[in-house]
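The values are calculated or read from the model by the stated rules, or taken from the named source; none is laboratory data. Source: prediction; values computed, not measured. Cβ: placed from backbone, ideal geometry, glycine included. Neighbour counts: every protein chain shown. Note: accessible area is taken over every heavy atom of the protein model, side chains too, but ligands, DNA and RNA are not part of it. Shrake-Rupley method; radii C 1.70, N 1.55, O 1.52, S 1.80 Å.
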Amino acid sequence: MLEDLWYKNAIIYCLDVEKFIDANGDGVGDFDGLTRKLDYLAGLGVTCLWLQPFYPSPNLDNGYDVSDYFGVHPKHGTLGTFVEFMNHAEQLGMRVLVDLVVNHTSNRHPWFKAARKDPDSPYRDYYVWAKKRPADHDEGMVFPGVQKTTWTRDPVAGEYYFHRFYEFQPDLNTMNPRVREEILRIMGFWLQLGVSGFRLDAVPFLISSKGADVPPKLDFEFLHQMRDFLQWRRRDAVLLAEANVVPRESLSYFGPRGDHMQLMLNFWVNQRLFYAMATGDIRPLVKALRDTYERPHGAQWVNFLRSHDELDLGRLTDRQRQQVFKAFAPEKRMQLYDRGIRRRLAPMLDNNRARLELAFSLLFTLPGTPMLQFGDEIGMGDDLSLPEREAARTPMQWSAYPQGG
C-alpha cells in the first residue's frame, strides 16, 4: 500500500507573524511580509509552517488570549491577505499549520462577556464557575511565581471563574457539548481556507474535566472526535499536540490505533538532549529515545531544540535540572517558573558554531520530524530585559539596523 504520510518527512518552521517581517512599515509583522519571505523559507528546505496565533486578541499573552477565532488581527492584514499567503505557500509546496488555542479564551471574547452578564445565558456554561473560591485555588498554576491563583472573582458575574493560565484567560468548559461543537466549527473554518492542520495548545488541560470539587479526568474520546472531524473535512490534515507527559501516557494522546493525534512535541527527549549537551552524559537521552520509540504506525514525534516558550526542564530530576541551569542559565534572571530557561539557543551555546552545528545535526538525525524556531537558523540572541518568556520572542533580525529590518 502506498502511503502519503507527508508529516513524517516534513521540516516544520514555527513563527509568529507579528515578529517575523513587516511589509508596510508600521513596525508590526504582517501576512504581506510573510508572503514575500516564503521563497526564503522554501530555500531553507522548510516544507511546513506552524503559525502562532494571529487572530484578533488583546495580545496580553502573545496572542494566546484569543477574542475572535474566525478572523485575522487587523495589524497582520485581513482574511484576504491570509488567503493570498496560503495560495503562495501552496504554489511552493509548503503546508501550513495554525495554532488552535481552545483551552481558554480572552476575557474580552464575546462568549465570556455574555457569560458574565447573565447567569441564564447559554454562554454561562461555556466557562467554569464557582460561587465560593475553592480551597485548592493556589494549586496547579502554569506560571508559578507569577500567577497567584487559578480562580478569580469576576465582579460582574459575582462568582469565581477557573483559569489554568493567566486571569485574563478564562478556561472553556470543554466537557460542554456546545463548546465542542464550537471548536469543530473553528477547525472547519480554517480547513476550508486551506490549512493542513492544527497545533493544539495545552492538550492535557483541553481534555480535562474542570470545576470546583470535580475530580480531574481526561476525556481522550474528544481527541478522537476532533481527529474524525478533521479527516472527513480534509483527509491529509494533521493534529500536532502540545502535551508534556511521560512516555507511557503519550500513547493515549496518539490513540490506541493511532486515531487521535498524528504528531506530538517530544518534550521527554528535548529535556534529556539538553542534559546531555550540558554534562556529556548521554545515558538519559538514550533511555528517553527508547522510552518514546513505541507508538502507532501513523504517529510521529516532533523533535525541537527551542520553541517560543521557556525551555521546560520540569521532567528532569532536581539534580539534573540544576546541572542544566549551571551550564546554560547560570544567572537567576535566565531562569523562569523554577523549572525553565528563558534564553534562545545560540546564546545558551555561547554562540559557538561547532556546538550549534552539533545541536542541529542531532535535531535532523534523531527519529522524528524536526521543528525549527524562527531566527535560530541565523543564531539569533535573546533580550533578558524583557519579562518572562518575551526574552526569547524578539523580532526576526533581517538586518543589523535598529528594529532588525
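Please enumerate the residues belonging to segment 367-405 that are in contact with a helix residue (DSSP H, G or I) (Cβ under 7 Å, 6 or more places away or on another chain) and aliphatic (A, V, I, L, M).
Met380, Leu384, Met396
Of the residues in segment 145-163, how many are in a strand (DSSP E or B), more than 10 Å from Ala130 (Cα to Cα) and among the charged types (D, E, K, R)?
The number of residues fulfilling the criteria is 1.
Hey, among the residues in segment 299-323 that are small (Gly, Ala, Ser) and surrounded by 19 or more Cβ atoms within 10 Å (Cβ to Cβ), which one's farthest from Glu377 (Cα to Cα)?
Among those residues, the one meeting the criterion is Ala299.
State all residues of segment 1-41 that are open to solvent by less than 40 Å² (accessible area, probe 1.4 Å), out of contact with any Asp or Glu (no Cβ under 9 Å at 6 or more places or on another chain) and either modelled with pLDDT under 95 or under 16 Å from His88 (Cα atoms) (or both); if no residue qualifies, say none.
Leu34, Leu38, Leu41
For segment 71-92, enumerate the residues that are under 23 Å from Asn59 (Cβ atoms), assigned to a loop (DSSP other than H, G, I, E, B) and touching a helix residue (DSSP H, G or I) at 6+ places or on another chain (Cβ under 9 Å).
Gly71, Val72, His73, Lys75, His76, Gly77, Thr78 - these are the residues of segment 71-92 that are under 23 Å from Asn59 (Cβ atoms), assigned to a loop (DSSP other than H, G, I, E, B) and touching a helix residue (DSSP H, G or I) at 6+ places or on another chain (Cβ under 9 Å).
Could you say whether any residue in segment 323-331 is of a type in the set (A, V, I, L, M) and within 21 Å of the chain's Cα centre (by Cα)?
no
If I ask for residues that are aliphatic (A, V, I, L, M), over 17 Å from Thr152 (Cα atoms) and outside any loop (DSSP other than H, G, I, E, B), which ones from segment 97-141 would you list?
Correct list: Leu97, Val98, Leu100, Ala114.
Can you go through Ala346, Ala359, Ala354 and tell me which one is of a type in the set (A, V, I, L, M), over 30 Å from Leu60 (Cβ atoms), open to solvent by less than 10 Å² (accessible area, probe 1.4 Å) and not in a loop (DSSP other than H, G, I, E, B)?
Ala359 is the lone residue from the list that is of a type in the set (A, V, I, L, M), over 30 Å from Leu60 (Cβ atoms), open to solvent by less than 10 Å² (accessible area, probe 1.4 Å) and not in a loop (DSSP other than H, G, I, E, B).
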